[in-house]
Amino acid sequence: MANMLDERPVLIFSFNTQQVTVIRDNSGKIIEGSEDDIERVYYVIAMVKDKESNPITDGWKVMEVGIQASTKTW
């Protein structure tokens, strides 16, 4: 989707991933999450065209990232 914000173009992308969230301590022991807990996560990212042009990104920068929903897949 595309929109205008303060006379600057904004592009909004949505996509989903399958991901695992695992947090380990220094010894490698799992302290949160599980390697077998696979979730489908739906993301939304808004990118805005910055007034100052960057040669690598052509002036585009991430304005906001959000999780729209998540569901267990396994």
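Here, each number is a calculation from the coordinates, and none is a lab measurement. No experiment lies behind these values; they were computed from the predicted model shown. FYI the Cβ positions are ideal-geometry reconstructions off the backbone, even for glycines, and counts take in every protein chain you see.
Over all distinct Cα pairs, what is the inverse of the mean 1/r for the range 2-72, reported as the Kirkwood hydrodynamic radius in Å?
14.7
Say we join alpha carbon atoms closer than 10 Å with springs in a Gaussian network model of the chain; which of Lys49, Lys29, Lys61 then has the biggest fluctuation?
In this elastic network of the chain, the residue with the biggest mean-square fluctuation among Lys49, Lys29, Lys61 is Lys29.
Cα to Cα, under 28 Å, and not fewer than 8 places away if on the same chain: which lysines meet these conditions relative to Lys72?
In chain and number order, the partners are Lys29.
Give the aspartates and glutamates whose C-alpha is closer than 20 Å to that of Lys61, dropping any in the same chain fewer than 8 places away, or say none.
Asp6, Glu7, Asp50, Glu52
In the chain, which longest range has no GluC sites (Glu not before Pro) that are both DSSP loop (not H, G, I, E or B) and surrounded by at most 13 other Cβ atoms within 10 Å?
The segment 8-51 is the longest one with no such site.
GNM, the chain, Cα, under 10 Å: largest mean-square fluctuation among Asp36, Asp50, Asp25?
Asp25
Mind checking which of Ser14, Ser27, Ser53 has the largest fluctuation in a GNM of the chain, springs on alpha carbons under 10 Å?
Ranking Ser14, Ser27, Ser53 by mean-square fluctuation puts Ser27 first.
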